[in-house]
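This report concerns only the one structure given below.
Here, each number is a calculation from the coordinates, and none is a lab measurement. Small disclaimer: the values here were computed from a predicted structure and weren't measured. Here the Cβ is made from the backbone with ideal geometry for all residues, glycine too, and neighbour counts use every protein chain on show.
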Amino acid sequence: MYYIFGHVLQPQLSQVHCDLCIVATVPISSFFTQFASAFMEIASQSIFTFELIVKFMAEMPGWQRFFHDGWNCLDAFVVLTGYEEYLF
């Protein structure tokens with residue numbers, strides 16, 4: 001019950017239900033957000049690592065040429081900095 005200026009107001013059932021739904025979904029929502037964020041981080045890191053390995057294996061006889069291309073160096077930097085979180 002709500003009291004406004006000394007008068008008793010009866011809330012409607014839909015308003016109470018809505019308030020309970022919002023309170024009940026906040027912890028589930030934050031858990032799902034954290035899980036989805038962690039999953040997307042691992043998935044994207046795995047995809048970039050796989051791409052780097054495939055590109056590196058394509059240059060295998062002369063692997064030093066791999067680092068002559070600036071885009072390959074950028075890819076290697078992105079993948080290595082992504083693993084920094086797991087190392088420290």
Original post:
If you add up the charges near Asp75, with Lys and Arg at +1 and Asp and Glu at -1, over every other residue whose beta carbon is less than 14 angstrom from its beta carbon, what do you get?
Top reply: -2
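I'd like the GluC sites (Glu not before Pro) in the stretch 39-80 restricted to DSSP loop residues with at most 16 other Cβ atoms within 10 Å, sorted by number. Before the final figure, lay out the partial values.
Values: sites: Glu41, Glu51, Glu59; in loops: Glu59.
When the GluC sites (Glu not before Pro) of the stretch 39-80 are filtered for loop state and at most 16 Cβ neighbours within 10 Å, Glu59 remain.
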Original post:
For Glu85 and Phe31 in the same chain, what is the full-extension length gain: residue separation times 0.36 nm, less their Cα-Cα distance, in nm?
Top reply: 17.4 nm
